[in-house]
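The values are calculated or read from the model by the stated rules, or taken from the named source; none is laboratory data. Everything quoted here is computed from the prediction, not taken from an experiment. We place every Cβ from the backbone using ideal geometry, glycine too, and count neighbours over all the protein chains shown.
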Amino acid sequence: MSASDVREMLPAERRARIVAALGNRRAVRVATLSEDLGVSEITIRRDLRLLEQEGVLARTHGGAVRRQQPADEPRYEENYVTHAAEKDRIARAAAAMIEPHDTVFLGSGTTVVHLLRHIDPHLEARVVTHSLAAAAEARGSRLELVFLGGLYRPALDAVEGSWSLDMIGHFYADKAFLGADCLDARAGLTTPSIAVAAIELAMIRRTRGEVVVLADSSKFGLVGAVVICPLDQVDVVLVDGGIDAEVCERIRRAGPRCEVI
């Protein structure tokens, strides 16, 4: 590229080249972009800020990373075996937050199902869930389990629909424990699934105490097509040690405590 080409490059073209660079490399550095595109680092930072506002990328210290978006609803059986060790550590920490005689909502995420493995078998509490896998894990415990009715979705191993939403309206929970398909400081808690979004938002609205999101570090920076809630409606995010410290700080600034397990 000649010097005259660089000087004539339009801002839109320059930002398109930044996006293309992210597509190839997943992450970019301000200094490298400045050199490649022949503009100042201040100009590059301004471009990155605008692209972040458009949801294309997330800025990091000295650069940016591509904001990913899942193409499809995740299948339960595929998610169950992914990052299993990290999910188990997060689930153990979440289980310790449930107190005797609590009423808790449990979402349909696989990490939430792991939580029930770590519940004291003698703990007396009420669990309200639409997850068939969670209901199965509760066998042999002293938990009072309320299983929400509705249309069974094999991909989620959970039920959905108006019956589920109506039953949620009969409870106020002390705490809610939700999994995360996608979590981002700016976009909030999102999912590819309209059904999951409706049920988990209803649970959030009927929770008097803490809303706790269980998310392994692979879910951060992902943005699903359907919004569940912004992060200022979440109280605690539990995540494994694979999370970048700067990302964790962004989550904290958005509202919830970000606890690294």
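Is one or more of the residues making up segment 217-225 out of contact with any strand residue (DSSP E or B) (no Cβ under 9 Å at 6 or more places or on another chain) and surrounded by fewer than 24 Cβ atoms within 10 Å (Cβ to Cβ)?
Scanning segment 217-225 turns up at least one residue that is out of contact with any strand residue (DSSP E or B) (no Cβ under 9 Å at 6 or more places or on another chain) and surrounded by fewer than 24 Cβ atoms within 10 Å (Cβ to Cβ).
Starting from residues that are outside any strand (DSSP E or B) and modelled with pLDDT of 95 or more, keep the ones in segment 166-197 and report whichever is farthest from MET97 (Cα to Cα).
Only one residue tops the list, namely ASP166.
Taking the conditions exactly as written (surrounded by 21 or more Cβ atoms within 10 Å (Cβ to Cβ) and either among the charged types (D, E, K, R) or in contact with a Ser or Thr (Cβ under 8 Å, 6 or more places away or on another chain) (or both)), does GLY242 satisfy them or not?
Details: surrounded by 21 or more Cβ atoms within 10 Å (Cβ to Cβ): no; either among the charged types (D, E, K, R) or in contact with a Ser or Thr (Cβ under 8 Å, 6 or more places away or on another chain) (or both): yes.
So GLY242 does not fit the description; no.
Condition test on VAL159, is it modelled with pLDDT of 95 or more, closer than 25 Å to ALA135 by Cα, in contact with a Gly (Cβ under 8 Å, 6 or more places away or on another chain) and in the same structural domain as THR110 (by TED's automatic domain parsing)?
no
Show the residue pairs that are 6+ apart or on different chains and have beta-carbon atoms under 8 Å apart, the first residue being within segment 141-158 and exposed (fewer than 14 other Cβ atoms within 10 Å of the Cβ), the second being among the acidic types (Asp, Glu).
Going by the 8 Å Cβ cut-off, the qualifying pairs are ARG142/GLU124; GLU144/GLU124; LEU151/GLU160.
Filter segment 165-204 for residues that are in contact (Cβ under 8 Å) with a residue 24 or more places away in the chain and among the charged types (D, E, K, R) and give the result.
Within segment 165-204, ASP174, LYS175, ASP181, ASP184, ARG186, GLU200 meet the criteria.
Do we find that ILE251 is more than 23 Å from HIS61 (Cα to Cα), aliphatic (A, V, I, L, M) and either in the same structural domain as ARG92 (by TED's automatic domain parsing) or not in a helix (DSSP H, G or I) (or both) in this structure?
Considered against the rule, which asks whether it is more than 23 Å from HIS61 (Cα to Cα), aliphatic (A, V, I, L, M) and either in the same structural domain as ARG92 (by TED's automatic domain parsing) or not in a helix (DSSP H, G or I) (or both), ILE251 comes out as no.
Considering only residues that are among the hydrophobic types (A, V, I, L, M, F, W, C) and within 24 Å of ARG89 (Cα to Cα), which ones fall in segment 224-249?
Within segment 224-249, LEU231, VAL234, VAL236, VAL237, LEU238, VAL239, ILE243, ALA245, VAL247, CYS248 qualify.
List every residue pair whose Cβ atoms sit under 8 Å apart, with the two residues 6 or more apart in sequence or on different chains, where the first one lies in segment 17-37 and is free of Cβ contacts under 8 Å to residues at least 12 places away in the same chain and the second, anywhere, is assigned to a helix (DSSP H, G or I).
Cβ pairs passing all conditions: SER34/GLU41; SER34/THR43; SER34/ILE44.
Just checking: which of the helices (runs of 4 or more DSSP H) contained wholly in segment 11-61 hold 3 or more residues that are among the basic types (Lys, Arg) and under 23 Å from the mean Cα position of the chain (by Cα)?
none
For segment 198-220: of the residues being assigned to a loop (DSSP other than H, G, I, E, B) and touching a helix residue (DSSP H, G or I) at 6+ places or on another chain (Cβ under 7 Å), which is modelled with the lowest pLDDT?
Of everything passing the filter in segment 198-220, ASP216 is modelled with the lowest pLDDT.
I want to confirm something. Restricting to segment 1-10 and keeping residues that are loosely packed, with under 10 Cβ neighbours inside 10 Å and in a helix (DSSP H, G or I), which single residue is modelled with the highest pLDDT?
Of everything passing the filter in segment 1-10, GLU8 is modelled with the highest pLDDT.
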